[in-house]
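Report on one structure; see the data block that follows.
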Amino acid sequence: MEQEATYRGTVYPWQCDHVGHMNIMWYVGKFDEANWNWFARLGLTPSYLRSSGRGMAAVQQNITYKRELLAGDIVEIRSHLLEVRDKSIRFRHEMTNAETGEMAAFCEITAVHMDRRQRKSAAFADAIREIALRYLVEPAEV
């Protein structure tokens with residue numbers, strides 16, 4: 001299933017390091033912004049998280065850098081759900097240069113659904129699982 005972008009933005013000069021490309025801290029930040037748009041698509045909206053006392057916590061994140069991004073480049077991230085478990089999800093963000101279509105980086109994250117008060121993992125509600133399962137992709141698609 002082709003996904004709409006979960007993030008679109010620009011690389012600003014102040015996000016670049018001493019060699020002239022976007023510093024790794026900004027890749028992490030842009031992937032994080034994509035997380036929240038992605039979660040909302042899965043039903044994990046800010047209002048759901050607040051009213052239910054739930055939260056999401058990343059427990060593993062791996063980033064692979066493929067091509068540099070320079071000041072002025074337009075960045076787009078698309079996200080794909082790889083796995084849904086009772087209390088966790090695993091997904092992949094793909095960051096591309098929106099002008100050239102070249103992949104700049106990808107990030108795979110495992111995140112746990114948690115009860116914020118008890119500070120421990122919690123099962124996804126059935127409604128959230130049903131939405132998430134619609135976004136699940138086959139391994140060959142990513």
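Every number here is computed from the coordinates shown, using simple stated rules; none is lab data. Here the structure is a predicted model, which is why all the values come from computation and not from measurement. A quick note on method: Cβ atoms are made from the backbone with ideal geometry, for glycine too, and the neighbour counts reach across all protein chains shown.
Computed values, structure above
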quantity	calculated
Residue-wise HN-Hα coupling along region 100-117, computed from phi with Karplus coefficients 6.51, -1.76, 1.60 (Hz; x: Gly, Pro)	9, x, 6, 6, 8, 6, 9, 9, 10, 10, 10, 10, 10, 7, 9, 8, 5, 6
Qualifying aspartates and glutamates (Cα of each under 13 Å from Cα of LYS66; at least 8 residues distant if same chain)	GLU94, GLU102
Positive-end residue of LEU42, LEU70, GLY101, charge dipole of the chain with Cβ unit charges	LEU42
Size descriptor, Kirkwood hydrodynamic radius, that averages inverse alpha-carbon separations across the chain, Å	15.8 Å
HN-Hα J in Hz across region 118-125 - Karplus 6.51, -1.76, 1.60, θ = phi - 60°, x for Gly and Pro	7, 6, 8, 5, 9, 5, 5, 5
DSSP-defined beta bridges in the chain - what % are antiparallel, rounded to 5	95 percent
Label-to-label distance, nm, for residues given as ARG8 and ALA125 (7 Å Cα→Cβ offset)	3.0 nm
Potential extension, ASP115-TYR48 segment - 0.36 nm per residue separation minus Cα distance	22.9 nm
Neighbour-limited loop hits for GluC sites (Glu not before Pro), region 1-49 (at most 10 other Cβ within 10 Å; DSSP other than H, G, I, E, B)	GLU2, GLU4
Under 15 Å from the Cα of LYS87 - aspartates and glutamates, other chains or at least 8 residues apart	ASP115, ASP126, GLU130
Candidates per trypsin sites (Lys or Arg not before Pro) in region 1-100, loop by DSSP, up to 16 other Cβ within 10 Å	LYS66, ARG67, ARG85, LYS87
Residues MET25, MET95, MET103 arranged by fewest to most Cβ contacts within 10 Å	MET25, MET103, MET95
Rough spin-label spacing in nm, given labels placed 7 Å along Cα→Cβ, for GLU138 and VAL19	3.8 nm
